[in-house]
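A quick write-up on the structure given underneath.
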Amino acid sequence: MSSVETSDQPPAYNQLNEPNDQLKSTDENQHNQYPGSNQYPSPGAAQYPGNQYQPQAVPLVITQPGVVPMDVKRAPQARDWMVPAVLSCLCCFWPTGICAIMAANNASSAARYGNIIEAKIESRRARNYVIISVIVGIILIVITIILRLHGFTSYRRYQS
């Protein structure tokens, strides 16, 4: 029996009439393109004399996919100044207190949307407005107390 079966269908694209033709075509055309140089020997073949490096056995490590522990560092959150802003608006100096409330609201909405830089800027602005409001409120309270005491003593002088 021959190795090539005859049937109604044409032979496969890699099937040649003679078995030696396939070996000749693959060896000559693919591996030895330049005469006299066998730069890449086939695996399992003996090493050619010009090779300086000996093949080394590389251990094959196969791992199963799994959970990889990760250290996730979150960006530091901007401080929420809403409560101090409301208290400084109600108890100290209301014009800068309102500005502090607006800045604290902008900082919290920027942090909610993930804009950390804008949240820090607005948080710092809210803090500054709270500090200004408290300082101005304390100064106004002290001035009011001084004027009341001064007005009360001068009122007693005129009555006597």
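Throughout, read-outs are computed from the coordinates displayed, never taken from laboratory work. Just so it is clear, the model here is predicted, and its values are computed rather than measured. Positions of Cβ are backbone-derived with ideal geometry, glycine not excepted, and every protein chain shown enters the neighbour counts.
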Legend entry - Potential extension, residue 102-residue 142 segment - 0.36 nm per residue separation minus Cα distance: 11.7 nm
Inset, instruction - Assuming R0 = 25 Å, can you tell me the calculated FRET efficiency for the pair residue 72 and residue 121, based on Cβ-Cβ distance, to the nearest 0.05? - result: 0.50
Legend entry - Sites residue 112 and residue 61, calculated FRET efficiency, Cβ-Cβ separation with R0 41 Å, nearest 0.05: 0.35
Inset, instruction - Treat each spin label as a single point 7 Å out from the Cα along the C-beta direction, and report the residue 153 to residue 9 distance in nm. - result: 11.9 nm
